[in-house]
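Report on the following structure.
The values are calculated or read from the model by the stated rules, or taken from the named source; none is laboratory data. Just so you know, these numbers come straight off a predicted model, no measurement behind them. Methodologically, a virtual Cβ is constructed for each residue, glycine included, from the backbone with ideal geometry; neighbour enumeration extends over all protein chains shown.
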Amino acid sequence: MYNARITKELLVDIGHLEVLLRNAIDRALSATYGVGWFLSTRIPLTHQAQKSITKARQRTHHTMNPPALPGKIIADLSFDFWRFLFTRTYQSTVWPKVLASLTHKVSREDFEYHLERIYKMRNRCAHHEPLIRLDVQREKRQTLAVLDSIHTIAKLIAPGAADWIAAHSTVTASLAKRP
């Protein structure tokens, strides 16, 4: 039961960060490339990113008539899509726009490092991999490191939102009650 509880709680925190991140990226890129930035040829999106956008458009189009608004497509893109926008591939296109919107300067590599840590934990949780380890201290360190990364990224985007996520998180309390 503990593994299921901690997984659920981590996914809640990661979900809050994902919404914060995608909205920040959308605002930053819309300011330069327009509301439909994800269709702009001015951002050289990889083939995989274009496939993700096409799938999101198809999913939202099937559920909405008339076709989905850009915000619905943005909401339908996965964490995987958002994370890969911070790889070296987008260092000269996406990164400068997002960096300009952050509360203070940070390297793309540091930003990507934190997102990668969150992404890996998100996938472990989503695929029902066990988070419990024989080395309890290592398990706690890894979980706290993910919480730190969530807070770090959220604080760069919106300090108030970072504080809200931290105040409403139940992960630390559950770690303290680990059987």
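Given (1) touching a Lys or Arg at 6+ places or on another chain (Cβ under 8 Å); (2) closer than 17 Å to residue 23 by Cα; (3) charged (D, E, K, R), identify the lone condition not met by residue 116.
Here residue 116 meets the rest and fails (2).
Cβ contacts < 8 Å: first residue at negative phi, restricted to the range 73-87; second residue crowded, with 18+ Cβ neighbours inside 10 Å and not in a helix (DSSP H, G or I), any location; separation 6+ or different chain. Result?
Hits for this filter: 76/68.
Is one or more of the residues making up the range 1-22 in a loop (DSSP other than H, G, I, E, B), within 30 Å of residue 133 (Cβ to Cβ), over 17 Å from the mean Cα position of the chain (by Cα) and without any contact (Cβ under 8 Å) to a residue 60 or more places away in the chain? Lay out the reasoning, then the answer.
Of the residues in the range 1-22, the ones in a loop (DSSP other than H, G, I, E, B) are 1.
Retained after the next criterion (residues that are within 30 Å of residue 133 (Cβ to Cβ)): 1.
Adding the requirement that they be over 17 Å from the mean Cα position of the chain (by Cα) leaves 1.
Checking which are without any contact (Cβ under 8 Å) to a residue 60 or more places away in the chain leaves us with 1.
Within the range 1-22, one or more residues are in a loop (DSSP other than H, G, I, E, B), within 30 Å of residue 133 (Cβ to Cβ), over 17 Å from the mean Cα position of the chain (by Cα) and without any contact (Cβ under 8 Å) to a residue 60 or more places away in the chain.
Please pick out the residue among 118, 132 that is among the aliphatic types (A, V, I, L, M) and either in contact with a strand residue (DSSP E or B) (Cβ under 8 Å, 6 or more places away or on another chain) or not in a loop (DSSP other than H, G, I, E, B) (or both).
Matching residue, one of 118, 132: 118.
Are there helices (runs of 4 or more DSSP H) fully within the range 24-99 with at least 1 residues that are under 22 Å from residue 156 (Cα atoms) and of a type in the set (A, V, I, L, M, F, W, C)? List them.
By residue number, 70-76, 79-84.
Rundown of residues vs (1) more than 30 Å from residue 170 (Cα to Cα); (2) surrounded by fewer than 14 Cβ atoms within 10 Å (Cβ to Cβ), yes/no style:
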site: 21; (1), (2): no, no
site: 47; (1), (2): yes, yes
site: 51; (1), (2): yes, yes
site: 55; (1), (2): yes, no
site: 58; (1), (2): yes, yes
site: 89; (1), (2): yes, no
site: 95; (1), (2): yes, no
site: 105; (1), (2): no, yes
site: 119; (1), (2): no, no
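Anything in the range 98-112 that is within 22 Å of residue 33 (Cβ to Cβ) and touching a residue at least 24 places away in the same chain (Cβ under 8 Å)? List them, or say none.
98, 100, 101, 102, 111, 112
Has the range 94-101 got any residue that is out of contact with any helix residue (DSSP H, G or I) (no Cβ under 8 Å at 6 or more places or on another chain) and at pLDDT 95 or above?
Within the range 94-101, one or more residues are out of contact with any helix residue (DSSP H, G or I) (no Cβ under 8 Å at 6 or more places or on another chain) and at pLDDT 95 or above.
Quick one: residue 132 ticks every box in (1) loosely packed, with under 15 Cβ neighbours inside 10 Å; (2) under 15 Å from residue 13 (Cβ atoms); (3) touching a Phe, Trp or Tyr at 6+ places or on another chain (Cβ under 8 Å) bar one, so which box is it?
Of the numbered conditions (1) loosely packed, with under 15 Cβ neighbours inside 10 Å; (2) under 15 Å from residue 13 (Cβ atoms); (3) touching a Phe, Trp or Tyr at 6+ places or on another chain (Cβ under 8 Å), the odd one out for residue 132 is (2).
Tell me whether the range 170-179 contains one or more residues that are closer than 15 Å to residue 13 by Cα, at pLDDT 95 or above, of a type in the set (S, T, N, Q) and within 17 Å of the chain's Cα centre (by Cα).
no
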